[in-house]
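Please read the structure below before turning to the comments.
The values are calculated or read from the model by the stated rules, or taken from the named source; none is laboratory data. Here the structure is a predicted model, which is why all the values come from computation and not from measurement. Positions of Cβ are backbone-derived with ideal geometry, glycine not excepted, and every protein chain shown enters the neighbour counts.
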Amino acid sequence: MRELYYLLRLALVPAFALVGAAAGYYAEATVLSSGLLLAEPVYWVGMVWIGWALFRARRYATLMGMGLGMMTAVVAIHIPAAPAEPEGIDPAPFVREVRACTRGLALPAEHVRLLQWTVTGDTAELAHTVTDAHPDVAVIYGPLSESMREAVAAGVGGEALSIPGQDAPIHVFAAQVFNKCGNNDQWRDRPANGADVALVFVAASPTTAFPLLITRLPDPGATPDWGEATAGARSALRATIDGMESSLLVTTVSAMAPLAAPRLTRTLLATGLIPVARPLNWPTWSPLRLHAFDQVWAAKGWIGGTPEALSGGGSRDGVLVELAPRWPVALPAPGDDDPVR
């Protein structure tokens with residue numbers, strides 16, 4: 001009987017590993033698996049409490065088996081076998097139209113401060129916080145009143161665009177202007193139920209600009225076919241990024257995905273983009289943030305600084321990051337009549 005008890009304690013290791021591997025593989029494929037991973041930090045707090053109880057009871061063998069099993073599960077979740085989404089869906093229709101523009105852009109010499117925020121409506125601190133952040137471009141997902149939109153636009157200091165979304169509008173504010181490609185200054189696509197993809201060209205200086213791809217994925221359970229819709233949105237996003245062929249592309253992603261988010265992460269990594277800002281920004285009611293629902297990814301032409309979380313926007317913190325050109329670009333020497341830079 002004692003031997004059987006020892007075997008059961010050893011079985012904790014493969015049991016935890018199998019649970020972690022299953023959660024990592026099916027994450028973002030079903031509402032249930034995503035919900036389980038969203039609660040992942042809570043499970044670990046519970047496990048630590050159980051581990052402390054076992055330690056005080058001197059059940060060291062059981063504690064060791066559970067500890068090894070937990071570490072194996074963490075590895076299985078965060079380094080999962082879930083593949084990247086294939087390019088099964090055609091890229092956004094605007095890709096062919098803008099490809100010539102994205103290829104002809106020069107690398108900006110200036111640093112770019114980018115702010116991304118997902119809000120549920122107006123808050124008293126929103127405009128003030130955005131103004132104090134001094135962003136060169138701000139992307140705000142969610143409904144804003146006309147007065148709030150004007151206040152944020154005044155704080156950023158340049159042009160503003162409102163892009164219709166399936167669930168809520170997307171507001172984009174630039175400290176300078178939005179450049180045109182052909183006759184348009186914005187493009188949008190709806191690759192799946194509840195998903196939005198939009199593109200703008202943001203001026204980084206009077207002579208240079210960069211493409212900004214704005215993406216929102218549906219929240220878990222927001223649509224009846226949520227698993228299929230998110231898979232289609234990720235597949236279309238990959239095809240769109242690959243089709244643009246830009247080393248200056250910056251992509252903002254608003255997705256209620258768990259911290260591991262293996263399918264979304266692997267899909268974006270497969271395009272060659274790198275994460276430049278994924279700070280934990282949800283939930284704001286907790287003293288500890290558990291997941292990164294707003295992320296910024298960039299192509300090889302950019303280097304990201306240390307991201308910063310901004311509070312005051314509702315259920316999620318805002319994300320602020322400074323992007324620098326990877327390769328130094330010399331600015332022209334100012335003339336006698338030029339303003340001081």
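Here are some notes:
- Note on the range 262-292: among residues that are within 16 Å of V319 (Cβ to Cβ) and among the charged types (D, E, K, R), the one that is surrounded by the most Cβ atoms within 10 Å (Cβ to Cβ) is R278.
- When A192 is tested against (1) out of contact with any Gly (no Cβ under 8 Å at 6 or more places or on another chain); (2) modelled with pLDDT under 95, exactly one condition is not met: (1).
- Looking only at the range 115-148, and only at residues there that are part of a strand (DSSP E or B), touching a Lys or Arg at 6+ places or on another chain (Cβ under 8 Å) and not β-branched (V, I, T), the one that is surrounded by the fewest Cβ atoms within 10 Å (Cβ to Cβ): Y141
- Answer residue from the range 96-114, given it is in contact with a Ser or Thr (Cβ under 6 Å, 6 or more places away or on another chain), part of a loop (DSSP other than H, G, I, E, B) and not acidic (D, E) and is surrounded by the fewest Cβ atoms within 10 Å (Cβ to Cβ) among those: A106
- Listed by first and then second residue, the pairs linking a residue in the range 115-129 that is in contact (Cβ under 8 Å) with a residue 12 or more places away in the chain to a residue that is among the acidic types (D, E) and surrounded by 17 or more Cβ atoms within 10 Å (Cβ to Cβ), with Cβ atoms under 6 Å apart and 6 or more places separating them unless they lie on different chains, are Q116/D294; T118/D294.
- Looking at T230, T240, T223, T215, just one residue is polar (S, T, N, Q), at pLDDT 95 or above and not assigned by TED's automatic domain parsing to the domain that holds L32, and that residue is T215.
- Residues in the range 132-175 that are β-branched (V, I, T) and within 17 Å of T120 (Cα to Cα): V139, I140, V152, I163, I170, V172.
- Conditions (1) surrounded by fewer than 18 Cβ atoms within 10 Å (Cβ to Cβ); (2) modelled with pLDDT of 85 or more: number failed by G88: (2)
- Applying the criterion of at least 2 residues that are surrounded by fewer than 22 Cβ atoms within 10 Å (Cβ to Cβ), more than 19 Å from the chain's Cα centre (by Cα) and without any contact (Cβ under 8 Å) to a residue 40 or more places away in the chain to the strands (runs of 3 or more DSSP E) found wholly in the range 164-219 leaves an empty list.
- Unique residue being over 21 Å from P41 (Cα atoms), of a type in the set (A, V, I, L, M, F, W, C) and modelled with pLDDT of 90 or more when the list is L280, L269: L269
- Candidate set: the range 220-261, residues that are in a helix (DSSP H, G or I) and within 13 Å of the chain's Cα centre (by Cα); chosen: the one surrounded by the fewest Cβ atoms within 10 Å (Cβ to Cβ): R234
- Look at (1) out of contact with any Pro (no Cβ under 8 Å at 6 or more places or on another chain); (2) of a type outside the set (A, V, I, L, M); (3) modelled with pLDDT of 95 or more and you find that N184 fails only one, number (3).
- Members of the range 115-145 found to be of a type in the set (S, T, N, Q) and closer than 17 Å to G305 by Cβ, listed by number: Q116
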